[in-house]
Amino acid sequence: MLKLGIIGTHIITDQMLDAAKTTGRYQLTAVYSRTLARAKEFGEPYGATEFYDSLEDFFDQGDFEVVYIASPNSLHYEQARLAIENDKFVILEKPAFVNPEEFSRIESLLAAHPKARLVEAARHIHTGLFKAAQKKFAEMDHRQGATITVMKYSGRYDKVLADEKPYPNIFTKEFAGGALMDLGVYAVYGALAMYGVPDSVVYFPTMAKTGVDAKGVAILTYDGFSVTLNVGKTAQSYLPTEFYGLKDTLVFDSIFDTTKVTYYDDQKAAHPIEANYYENSMVDELNDFADLFEDPTDPAQVKNYKAWQDLARDVNAVMFNLRQSADFTFPADTNR
């Protein structure tokens, strides 16, 4: 049983802990929050026994091997740095880092701390459905682009509309928020997992009054085709995601919360993709990560880890280049 510490007491952490319970491979022991009261309030129902309001004490004194970090995006780098310096296994919520400079520094730190590991929690690429869809897509004779939609209205935008300050973290530049960083990363992961790194990228954001993108359209250009990403947090889309062949198409009901994938052949006949499915989409990634953490030097796990890191690095670079194309920066970019 892997002893688990958490940073970030939010809805996503509840989902993660529910998934951890389903795997039967993690035990929550320690919780960090900005106040001890909140740490106890969140952690005690899950059986945690250690509570901290100091990150230094959390890492120095906490009895855990794995740390799950689900804090605002701009805090990821410093918290991951502390974790690695304390030789922890790190599960870092997406997007892992704000820019390639942060990513590079973390990779150097990992090299200096060979007992540590860091994985980005891009949960959708670990699901059985996504892996089965990847396999089917690779079998298609002609592959020529995709339209990937991740657009979901955020209730926190109501506070922006009402001009209630301080604005929610996810809608501020200070915390590296916005549609691309919060939901667009799912779309970028989907594109790169299927097609690899694009030749060029461009992003056309619609900006919110808070200084971050409310929604936007990104175009990833490859040799002979392009991939279009529709992302947003201030509108609700019901469109599926499609990966195109010539006369056949692979359709996801949702790229980031996939419950159904269908292959339409050249006769327009529908063939559901069959795969193991968990209602909680974080179960598969936590099982994958537990396999790594329990046997980090196993050749198969070393191979998996490298593949995840390579993909995460590429996604990070594409995300940064998309923002650069729109002249859209965060404080962390200028403080590099």
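Across segment 125-281, the relative contact order, built from alpha-carbon pairs under 8 Å that are at least six residues apart, equals 31 percent. For segment 2-116, a simple Cβ point-charge model (Lys and Arg +1, Asp and Glu -1, everything else neutral) yields a dipole of about 300 debye relative to the Cα centre.
Using θ = phi - 60° in the Karplus curve 6.51 cos²θ - 1.76 cosθ + 1.60, the 3J(HN,Hα) couplings for segment 147-161 round to 10, 10, 10, 9, 9, 9, 5, 9, x, 6, 5, 4, 5, 5, 4 Hz; x is entered for Gly and Pro. The helix-only estimate of mean residue ellipticity at 222 nm for the chain, built from DSSP H runs of length n ≥ 4 each weighted as -39500 (n - 2.57), is -11000 deg cm²/dmol after division by the residue total. Extent of segment 273-321 along its three principal axes (Cα atoms, max minus min coordinate, largest first): 35, 30, 18 Å. Once backbone amide H atoms are built at 1.01 Å from N, Thr329 has no partners under 5 Å, excluding neighbours fewer than 5 places away on the same chain. Taking each residue as 0.36 nm, the span from Tyr277 to Ser237 lengthens on full extension beyond its C-alpha to C-alpha distance by 12.0 nm.
Using 0.36 nm per residue and subtracting the Cα-Cα separation, the extra length available between Thr147 and Asp63 on full extension is 25.7 nm. The alpha-carbon atoms of segment 125-281 define a convex hull whose volume equals 114 cubic angstrom per residue. Classification of segment 239-336 by its C-alpha gyration tensor yields an oblate form. The axis ratio a/c (a ≥ b ≥ c) is 1.5 or more, and b/c is at least a/b. Each residue of segment 109-116 was assigned a 3J(HN,Hα) from its phi angle through the Karplus curve 6.51 cos²θ - 1.76 cosθ + 1.60 (θ = phi - 60°); the sequence is 5, 4, 5, 7, 10, x, 7, 7 Hz, with glycine and proline shown as x.
Counting only Cα atoms, the chain measures 61, 48, 36 Å along its principal axes, largest extent leading.
Could you state the number of Å between the C-alpha centres of segment 101-177 and segment 252-291? With segment 252-291 and segment 101-177 each reduced to a Cα centre, they are spaced 17 Å.
Using every pair of separate Cα atoms, the Kirkwood estimate puts the hydrodynamic radius of segment 3-83 at 12.4 angstrom.
Counting only alpha carbon atoms, the long axis of helix 128-139 and the longest principal axis of the chain meet at about 40°.
No lab work stands behind these numbers, since they all come straight from the coordinates. Treat the numbers as computed from the prediction; the structure is a model and nothing was measured. Using ideal geometry, Cβ is built from the backbone for each residue, glycine included, and neighbour counts are taken over all protein chains shown.
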